[in-house]
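Below is one structure; the comments refer to it alone.
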Amino acid sequence: MAAIVNVPALFVVAENEELSNNDIVAEEQRRVAARGVPSGYHVAKGITHYGIYREDFQEAVRVELEWLEERLKGEPRSYGFYGCIISRS
């Protein structure tokens, strides 16, 4: 997956993820960053996969907005294409 991500990406995972593997996601984020693509990794503490949409929704949105605001400052930059990748492990 990391080889096809060429736009800034924030990877947000649940600490108690039960549907995926956070170690794999963290490694993919490191690969994206190693190619010079702006990226980040955030662990939402104390929740499971769907908690990001329920009990931790406000915190997740705050983290995402802060990350986006940091990337939107400064010179505009084109990253080629915009897309979304959803992966199930």
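The values are calculated or read from the model by the stated rules, or taken from the named source; none is laboratory data. Just so you know, these numbers come straight off a predicted model, no measurement behind them. For neighbour counting, all protein chains shown are included, and Cβ atoms are generated from backbone atoms with ideal geometry for every residue, glycine included.
Test Ile47 against the criterion of being surrounded by 16 or more Cβ atoms within 10 Å (Cβ to Cβ), at pLDDT 95 or above and among the hydrophobic types (A, V, I, L, M, F, W, C), and give yes or no. Outline the logic, then answer.
Details: surrounded by 16 or more Cβ atoms within 10 Å (Cβ to Cβ): yes; at pLDDT 95 or above: yes; among the hydrophobic types (A, V, I, L, M, F, W, C): yes.
Yes, satisfied.
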For segment 49-56, does any single residue satisfy the condition of being closer than 27 Å to Leu72 by Cβ, among the basic types (Lys, Arg) and not in a strand (DSSP E or B)?
no
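Among the candidates Val5, Val13, Val32, which residue alone is within 12 Å of the chain's Cα centre (by Cα), of a type in the set (Val, Ile, Thr), buried (at least 16 other Cβ atoms within 10 Å of the Cβ) and under 22 Å from Arg62 (Cβ atoms)?
Working: Val5 fails: under 22 Å from Arg62 (Cβ atoms); Val32 fails: under 22 Å from Arg62 (Cβ atoms).
Being within 12 Å of the chain's Cα centre (by Cα), of a type in the set (Val, Ile, Thr), buried (at least 16 other Cβ atoms within 10 Å of the Cβ) and under 22 Å from Arg62 (Cβ atoms) holds for just one of Val5, Val13, Val32, which is Val13.
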Which residues, counting only those in segment 2-18, are of a type in the set (Gly, Ala, Ser) and under 18 Å from Glu64 (Cα atoms)?
Ala9, Ala14
